[in-house]
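The values are calculated or read from the model by the stated rules, or taken from the named source; none is laboratory data. From a predicted model like this one, the values you see are computed outputs, not experimental measurements. Note that each Cβ is placed from the backbone with ideal geometry, even for glycine, and that neighbours are counted across all protein chains shown.
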Amino acid sequence: MSSKADVFIIESLDWKDEKDNLYEGKFLSQILEFAGKKPRYYYIRTKKELKMILGKFYESDYRYLHLSCHGNSTSLYTTLDEKISFSEFGHIVGPNLEKRRLFISACSAVNEQLAKEMIPRTGCYSLAGPKKNIEFRDAAIFWASFYHLMFKENPGKMSPNTIKTILQNAANMFNVPINYYYKISDQDSFGTKEIKPQSI
């Protein structure tokens, strides 16, 4: 079965975000539906649920995993678990990301340490996300703009050059630096591209 050029969204927020209805992932899924895509959206609160839903992602044959959660330079967080270190996250994700792409909306979490756990270990094609903290309203519109432009360019695939170009456009628009890591063909290493905002 061929993979599907669609987005699988997993979201886990803190209690305050839930109370304030700041569901970035849910908003993103609605935007993708407007664009004619068929996103799948799951809200989780625990590490156990994360493991289960990642299995559903693998079974879905969707190419793109979008994770919306809190994080820092060493860990990601679910609602009820204290933290998930990058190393542990790499073990949890395992082969579920092979030949797929990971986009993370979590403050300061997308860095070289996470890339080392993701790309060589899981075989994913690329990892991208904000380099620094980003407000909810900016993150929601940033990712909606990114996916809209990507699928408008080509509904059936994401090429590395197009990803970099559209990440640059979105970074310029929202003045947010983006870290983009990508697998180097036939190697266990990965390339790095820091996408800095430029004046429009």
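Given ILE141, ILE104, ILE134, ILE92, which one is of a type in the set (Val, Ile, Thr) and farther than 20 Å from GLU24 by Cα?
From the options ILE141, ILE104, ILE134, ILE92, the qualifying one is ILE92.
Of all the residues that make up segment 87-112, how many are over 12 Å from the mean Cα position of the chain (by Cα) and either part of a helix (DSSP H, G or I) or exposed (fewer than 14 other Cβ atoms within 10 Å of the Cβ) (or both)?
Adding up the residues that qualify gives 13.
Which one of ILE134, ILE141 is part of a loop (DSSP other than H, G, I, E, B) and over 24 Å from GLU88 (Cα atoms)?
ILE134
Take GLU59 and tell me if it is touching a residue at least 60 places away in the same chain (Cβ under 8 Å) and not in a loop (DSSP other than H, G, I, E, B).
No, not satisfied.
Would you be able to tell me the number of residues in segment 75-86 that are touching a residue at least 24 places away in the same chain (Cβ under 8 Å) and surrounded by 15 or more Cβ atoms within 10 Å (Cβ to Cβ)?
Going through segment 75-86 one residue at a time, the tally reaches 8.
Given the options LYS38, LYS56, name the one that is charged (D, E, K, R), at pLDDT 95 or above, surrounded by fewer than 18 Cβ atoms within 10 Å (Cβ to Cβ) and touching an Asp or Glu at 6+ places or on another chain (Cβ under 8 Å).
Criteria check complete, one pass: LYS38.
Step by step: first the residues of segment 18-52, then only those that are polar (S, T, N, Q) and outside any helix (DSSP H, G or I), then the one that is farthest from PHE151 (Cα to Cα). Which residue is that?
Among them, the one singled out is THR46.
I'm checking my understanding of the structure. Among residues of segment 122-160 that are of a type in the set (Val, Ile, Thr) and in contact with a strand residue (DSSP E or B) (Cβ under 9 Å, 6 or more places away or on another chain), which one is nearest to LYS183 (Cα to Cα)?
Only one residue tops the list, namely THR122.
Report, by residue number, each residue of segment 162-190 that is surrounded by fewer than 16 Cβ atoms within 10 Å (Cβ to Cβ), within 16 Å of PHE103 (Cα to Cα) and out of contact with any helix residue (DSSP H, G or I) (no Cβ under 7 Å at 6 or more places or on another chain).
Of everything in segment 162-190, just one residue is surrounded by fewer than 16 Cβ atoms within 10 Å (Cβ to Cβ), within 16 Å of PHE103 (Cα to Cα) and out of contact with any helix residue (DSSP H, G or I) (no Cβ under 7 Å at 6 or more places or on another chain), namely THR165.
May I ask you to say which residue of TYR64, TYR147 is crowded, with 18+ Cβ neighbours inside 10 Å, more than 21 Å from THR192 (Cβ to Cβ) and of a type in the set (Phe, Trp, Tyr)?
Sole residue among the options that is crowded, with 18+ Cβ neighbours inside 10 Å, more than 21 Å from THR192 (Cβ to Cβ) and of a type in the set (Phe, Trp, Tyr): TYR147.
Tell me which of these VAL7 doesn't satisfy, since it passes every other one: (1) farther than 20 Å from ASN179 by Cβ; (2) modelled with pLDDT of 95 or more.
So the condition that VAL7 fails would be (1).
Which of the following residues is over 28 Å from ASP20 (Cα atoms), at pLDDT below 95 and among the hydrophobic types (A, V, I, L, M, F, W, C): PHE136, PHE190?
The unique qualifying residue is PHE190.
Tell me which residues, restricted to segment 156-191, are assigned to a strand (DSSP E or B), within 16 Å of the chain's Cα centre (by Cα) and not aliphatic (A, V, I, L, M).
Answer for segment 156-191, where residues must be assigned to a strand (DSSP E or B), within 16 Å of the chain's Cα centre (by Cα) and not aliphatic (A, V, I, L, M): ASN179, TYR180, TYR181, TYR182, LYS183.
Any residue at all in segment 82-104 that's over 25 Å from SER189 (Cα atoms) and touching a strand residue (DSSP E or B) at 6+ places or on another chain (Cβ under 6 Å)?
There is at least one residue in segment 82-104 that is over 25 Å from SER189 (Cα atoms) and touching a strand residue (DSSP E or B) at 6+ places or on another chain (Cβ under 6 Å).
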